[in-house]
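Peer 1: Pasting in a structure now, in structure tokens, and then I'll have a few things to ask.
Laboratory data are not the source of any read-out in this text; all were calculated from the coordinates shown. Worth saying up front: this structure is predicted, and the values here are computed from it rather than measured. Using ideal geometry, Cβ is built from the backbone for each residue, glycine included, and neighbour counts are taken over all protein chains shown.
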Amino acid sequence: MFTRFFSLLFLLVSLFSSELSFSQCCSTGSPVGASVYVGVLDKNSLRLITYYRHNYSDTYYEGKSKTTDNTALKSSNYNFSGIALGYGITKRLTLETDLGYFFNKKQVFQHIDYAEKGYGLSTGGVTFKYGALVKPARQFELTVGAGFRYPLSSDPQVVDGVQLSRDVQPSTNAFAVSGMLFLNKGFPTLKMRLFSLNRFDHNYDDKLNYKYGDMLINSLFVSKLIVKYCTAILQLRSEYRWKDTDNSEIRPNTGNYLIILSPQLNYAIAGKWNLSLLGDIPIFKNYNGKQLTPAYSVAVGLTRDFNLAGKPEAAKSFNSIP
């Protein structure tokens, strides 16, 4: 069963991909989709996360200020559906994959009646996570992780014989590597948890010698049980993107620094499924040059853990879904 499961896992990865850390204009999004279940899993347990995200952008920024001077676009938006799978190889080692599809990645021009739209599979990802320090009795976890992202195609998307601009391409068409550090501390008497997720992504050049800027994400989460089956989560996230380069030349209107507030509600359904609703609200923007910036992003997700051990399920670990 173990071999069969991994064969299915990598077959799925080869067919789909995800938006996670998609370093392009206006593609802000929670680094964990619609969930904060990012720790290690129990041995022989499977976690399934599916989510849908909508993002909308309509405001140009130059530095820290809004601008309407010589703006080319009226708005942009995307609709994306993703899936992530996690498997507990041992009690400390977890393998995760993520994948997904852009139904549309669209930008509407300001002064001409024209909209450019891309669609399709994005960049796939694989991550290994190791619980360096896991103390269930103390409700504490320190997890480190490393992984890579890979393109399903190295060729830019072409529609009706015309190559689409980079801002509507569904994929970076290039490889990337990443590292992460996750901290989790629970306070059972307060029915509260604190999470910290720190992630760095390094992008490589594509076949046209274009390189998307590297990205550093730092997130702090506060999770609180409101009523039975319902948990509220508040995330404060910073995203720093370095400038892109084209044939080693720096692209001036790329790179930014954002601070985003992301409230979230989780509801447990029948003790098995978790339904998540979240929104991303940028509260600080600082852009290099002049760029169209995100107004908001909303997502809905569904999460469930499965016991694949073939025996009655043991007591759930600290990182089981609340």
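Peer 1: Can you put Val126, Val40 in order of Cβ neighbours within 10 angstrom, beginning with the fewest?
Peer 2: Working: Val126 17, Val40 28.
Ranked by crowding around the Cβ, least crowded first: Val126, Val40.
Peer 1: List the chymotrypsin sites (Phe, Trp or Tyr not before Pro) within the stretch 69-143 that DSSP assigns to loop and that have no more than 10 neighbouring Cβ atoms inside 10 Å.
Peer 2: Tyr114
Peer 1: Also: Fewest Cβ neighbours within 10 Å first, please rank Met180, Met215 accordingly.
Peer 2: Met180, Met215
Peer 1: What are the trypsin sites (Lys or Arg not before Pro) within the stretch 249-293 that DSSP puts in a loop, where the Cβ has at most 12 other Cβ atoms within 10 Å?
Peer 2: On the way: sites: Lys272, Lys285, Lys290; in loops: Lys272.
Listed in order of number, the matching sites are Lys272.
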